[in-house]
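Undergrad: Handing you this structure, nothing more for now.
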Amino acid sequence: MGRQLGAEIPFIRPSELAKDDSSGSDVIMHALDWFQCNRKTFDYFFVLQPTSPFRKTEHIDKALEIIISNQDTDALVSVVKVDQHPCWMKKINKAGYLEEYNEESSAYTNRQSLPELYINNGAIYICKWDVFIDDRSLYKRNCHPFIMERKFSLDLDTIEDWEYAEHLLN
């Protein structure tokens, strides 16, 4: 479909990197390797997953502005504040009873005292090319959070996510 609409497709991801359990780092390395083999390297690269339909160009522009203006920043990842805090999560033990998932959970008796936590929302990843080549990770060095509002952070992973996105668009 992309080609039919005029998109340039310089390479196709191999099938072993197009599975549900494929490593994001391996997918990125495959792309960077292709560019290096074709004598094209850059200071930064972006990953803009198609599963983030509510990300806006303004988010991308602002993220790029942040990483370029902060020389100590090696990577930037978009995040959203968690709405289900892990300190309140439970697990079921071998006897079938609930117990704390996290040992420090009992220290928090109300929502207001919980530390703020964030989770990747899948919308924007930017990294210095050479840093990723060396580390094969976005997070080993100075990774800047790009905090996005929940309404822009829907990540389509399930059919229910798709249906919810359609509902929001209607």
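Undergrad: Can you give me the Kirkwood hydrodynamic radius for region 92-170, using every pair of distinct Cα atoms, in Å to one decimal?
TA: 16.9
Undergrad: Further question on the same structure: What is the projected area of the convex hull of the Cα atoms of region 1-91, averaged over all directions, in nm²?
TA: 9.7
Undergrad: If Lys and Arg each add +1 and Asp and Glu each add -1, what is the summed charge of the other residues whose beta carbon sits under 14 Å from the beta carbon of Leu154?
TA: Value of the local net charge: -4.
Undergrad: So, one more: If you average 1/r over every pair of different alpha-carbon atoms in region 126-165 and take one over that average, what Kirkwood value in Å do you get?
TA: 12.7
Undergrad: May I pose another question? Based on alpha-carbon positions alone, could you give the equivalent ellipsoid semi-axes of region 64-112 from the gyration tensor, as √(5λ), descending, whole Å?
TA: Rounded to whole Å, the semi-axes are 37, 13, 10.
Undergrad: Any chance you could give the angle, 0 to 90 degrees and rounded to 10, that helix 159-169 forms with the longest Cα principal axis of the chain?
TA: Taking Cα atoms only, the helix is inclined about 80 degrees.
Undergrad: Further, regarding this structure: Note down, for region 1-41, the three equivalent ellipsoid semi-axes (square root of 5 times each alpha carbon gyration tensor eigenvalue), biggest first, whole angstrom.
TA: Semi-axes (√(5λ), whole Å): 19, 17, 7.
Undergrad: Place a +1 charge on the Cβ of each Lys and Arg in the chain and a -1 charge on the Cβ of each Asp and Glu, then give the dipole magnitude about the Cα centre in debye, rounded to the nearest 20.
TA: The calculation lands at about 160 debye.
Undergrad: Mind checking which of Leu117, Ser153, Thr73 is farthest towards the positive end of the chain's charge dipole, using Cβ charges of +1 (Lys, Arg) and -1 (Asp, Glu) about the Cα centre?
TA: Result: Thr73.
Undergrad: How about Lys91: which aspartates and glutamates have a C-alpha closer than 16 Å to its C-alpha, ignoring those fewer than 8 places off in the same chain?
TA: Glu99, Glu100, Glu103, Glu104
Undergrad: Rg and Dmax of region 75-138, using alpha carbons, in Å: what are they?
TA: Rg, Dmax (Cα atoms, Å): 17.0, 49.
Undergrad: Taking only C-alpha pairs under 8 Å that are 6+ residues apart, what is the relative contact order of the chain in percent?
TA: Once divided by the residue count of the chain, the mean separation gives 30 percent.
Undergrad: Still on this structure, please answer the following. Expressed as cubic angstrom per residue, what is the convex hull volume of the alpha carbon set of the chain?
TA: Roughly 202 Å³ of hull volume per residue.
Rule-based calculations on the coordinates, nothing more; no lab input. This is a predicted model, so every value here is computed, not measured. Positions of Cβ are backbone-derived with ideal geometry, glycine not excepted, and every protein chain shown enters the neighbour counts.
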